[in-house]
Each structure stands twice: as structure tokens, then as C-alpha cells.
1. Between E146 and Y261, what FRET efficiency comes out of the Förster formula 1/(1 + (r/R0)^6) with R0 = 22 Å and r the beta carbon distance, rounded to 0.05?
2. If amide hydrogens are placed 1.01 Å from N in the peptide plane, which non-local residues have theirs closer than 5 Å to the one on L52?
3. At 7 Å along Cα-to-Cβ for each site, give me the label-to-label distance between T247 and D211 in nm.
4. Are there trypsin sites (Lys or Arg not before Pro) in segment 123-183 that DSSP puts in a loop and that have at most 16 other Cβ atoms within 10 Å, and which ones?
5. Could you compute the FRET efficiency for S299 and T160, with r as their C-beta to C-beta distance and R0 at 30 Å, rounded to 0.05?
6. Non-local amide H neighbours of L200 (under 5 Å, H modeled in plane, Pro and chain starts lacking H): which ones?
7. For L233, list long-range residues whose amide hydrogen, built 1.01 Å from N in the peptide plane, is under 5 Å from its own amide hydrogen.
8. With a ≥ b ≥ c the root eigenvalues of the C-alpha gyration tensor of segment 41-129, is it rounded (a/c under 1.5), prolate (a/b larger than b/c) or oblate?
Amino acid sequence: MQLKFQKPDIQKIIDQIIKNWPVKMIAIALAVGLFMFHRSATFTDRFISVPLNLIIPEGFIPAGPYARTIRVKIRGEADKINSILDDDIEAFLDLSEPRPSGSYPVQIRENGSVLGITQITKEPDRIVLELDRKISKVVSVSPNIERDVPAGYSFDWTLTPNQVQVAGPSKALSVLSELRTEAIDVSDRTADFSVQLNILNNNPLIVIQRDSTTEFRGIIREKIIDRHFQVPLTIRNPPQPLVVEITRQPDTVALDFKAPYNELNNWMPPRGFVVLDLSRRTQPGTYTIPLTLSGKPDSFSIVHIEPEQVTVTIRNPPLSEPVQESEE
């Protein structure tokens with residue numbers, strides 16, 4: 001018995017396919033939509049901040065601030081994107097061919113665990129950046145001194161080093177002549193001291209080469225001041241019953257002292273400070289006697305005293321006349 005095969009009717013097949021085609025297209029669209037919805041429902045987002053690397057021609061440097069990190073969005077199945085290592089994503093700008101507009105696209109390099117993840121976006125997508133020639137120069141360093149040393153002290157300082165070498169864009173360095181240190185308070189310092197201070201650099205495009213610290217040495221000395229006084233003269237131990245006469249007796253004695261500020265500034269001569277001592281003058285006569293200072297502090301230096309000495313005449317008391325008796 002011989003089997004016979006009928007040739008398929010192509011036209012009938014085509015007619016069956018296109019029969020009620022709008023309904024079939026809607027069904028296919030719904031199926032695709034349901035598939036995509038189900039798949040997207042299982043997706044999640046992960047955000048990673050990665051450092052931005054620059055590819056720069058030799059001898060150049062960024063002329064202004066720029067975003068140092070790029071925010072990368074990864075979308076995919078949770079178990080896959082959560083296993084991605086941060087180091088497997090690199091962001092970079094290729095500045096090897098400078099553009100007149102200064103606008104460069106941020107490029108992403110995917111490695112290792114990121115391979116195969118296609119839904120990756122970045123923010124920002126482009127960065128505007130100008131280049132400048134990189135130069136170096138020497139600038140001075142000055143201390144940032146807060147407040148003053150206590151009253152009565154003089155203050156001086158040194159910095160070692162007092163200059164540093166910096167590198168950066170030529171435009172930025174053209175207006176830079178000095179860097180300052182971190183603040184130092186000397187309001188409670190009364191003796192020499194030394195401390196290491198950081199040199200501050202507020203421009204991220206400028207780099208301090210080598211060491212960015214300096215030794216600050218404070219030199220503190222107590223001030224020496226002068227003061228003038230007018231002090232009454234005190235006479236002690238006059239000989240009795242002799243009579244004492246002082247030639248041109250001054251009302252007060254002029255004194256000028258030199259001494260440390262903290263000792264002399266608020267000091268006042270005590271009562272009986274300037275003394276004319278007659279304890280050793282027991283006989284009549286004329287004497288030139290130097291004045292003495294009672295209780296002068298050892299740290300006080302006498303700059304001037306006027307008068308330094310006085311002339312004293314000591315006499316016997318006058319004889320009293322005898323009393324005459326009245327006649328009755």
C-alpha cells in the first residue's frame with residue numbers, strides 16, 4: 001500500500017495566521033508586557049560612588065575644581081548587583097586631546113563582577129574642565145597667632161622652615177605668595193616654647209611638596225619698665241636732746257625705678273620708704289648723710305634719686321635762762 005502526501009496549502013496557513021490578527025497582536029503584546037513587568041519586578045537598583053580618574057597630557061593639570069567622584073547606578077537582579085565589587089567599576093575622563101568646549105564625557109570601565117550588567121548609568125554624564133600648565137614655586141609661610149601674650153611680656157617667634165615649595169596650575173600659583181599655619185593661642189604663654197604646626201592649603205588644586213608642617217618657636221621675655229615716684233622723707237633716730245637742722249629739707253624725694261613689669265607696675269612705696277637715719281650722729285656737727293631706702297625689692301634698680309643725700313646740722317639745745325625770784 002502506498003502512502004500519498006498532500007502538498008500543504010501555503011495560502012491556508014497564511015489565512016489562519018492572519019485570521020483575527022488584531023486579537024492575536026493584542027494577546028502577544030500582553031504576553032510580552034507581562035513578561036517584562038515580571039522581570040522588572042525582580043530588578044533592583046544599587047548606587048555606588050567611584051573616584052573619577054583623569055587621563056591628562058604630561059605637564060598639564062586641571063585649572064579649576066571638578067567632581068572627584070561619580071555616582072553610578074546599577075540596575076539588575078538583586079543577587080547579581082549585590083555581589084558587585086566597588087573596585088570593578090572605574091570612572092575616568094580622557095583629557096589627552098583637549099576640547100575647545102572643555103566638556104568631556106565621563107567614561108565607565110567595567111571589570112570582573114560587573115561584566116554582563118547592561119543597565120548602568122552615571123551622574124554626572126559629562127564634566128566641563130579646563131587644563132592649565134603645571135608649575136612649581138616657593139612661597140612664604142606665616143603663623144596664624146591668636147590673641148596676645150599676657151600683659152608684661154614681649155613676644156617674638158621663628159618658623160622653621162619659613163618657606164615651602166608648592167605645585168599647581170600656573171594661573172592659581174600666579175596669585176599665591178603666602179600660606180598660613182593653623183591657629184596658635186599664646187595668651188597663656190610666659191616662657192619660651194616650641195610646637196609643630198600644620199601648614200594650611202585651602203586650594204585642592206595646589207599641592208605642598210615634601211613636608212606640610214613647620215616648627216613654631218615662641219620667644220617670650222618679661223618686659224622691663226620704668227616708673228617715677230615722689231616719696232615723703234622720713235627722719236629716724238634723731239639724737240636727743242640735740243637739735244637737728246636740715247639744710248634745704250625737701251618735701252619729697254624723687255625716685256625712678258627700673259624693674260620687671262609684673263613687679264613694678266602695681267607697686268607703691270610703703271610708708272617710711274625713704275629714710276634719713278641719724279642713729280650714728282650723736283655729737284653736734286654738720287654732716288652730709290646719704291638717704292636709704294627701707295624694704296626696696298632686690299629686682300628694683302634705682303635709675304635716679306633726687307636728692308641722694310642731705311646736709312644735717314646737729315646742735316646742742318639752747319641753755320634756758322634762770323628764773324628770777326620776785327622781791328616781796
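None of the figures in this text is laboratory data; all of them are computed from the coordinates on show. Quantities reported herein were computed from a predicted structural model and do not represent experimental measurements. Cβ coordinates were reconstructed from backbone atoms using ideal geometry, including for glycine residues, and neighbour counts include every protein chain displayed.
1. Computed FRET efficiency for Y261 and E146 comes out at 0.50.
2. Here T69, I70 satisfy the definition.
3. Rounded to a tenth, the inter-label distance reads 7.2 nm.
4. Details: sites: R126, R133, K134, K137, R147, K171, R180; in loops: R147.
Here the trypsin sites (Lys or Arg not before Pro) that fit, given the DSSP loop and packing criteria, are R147.
5. Numbers: r = 34 Å, r/R0 = 1.12.
FRET efficiency, S299 to T160: 0.35.
6. Amide H neighbours of L200: R180, T181, E182.
7. V253
8. Working: a/c = 2.85, a/b = 2.38, b/c = 1.20.
Note, shape of segment 41-129 comes out prolate.
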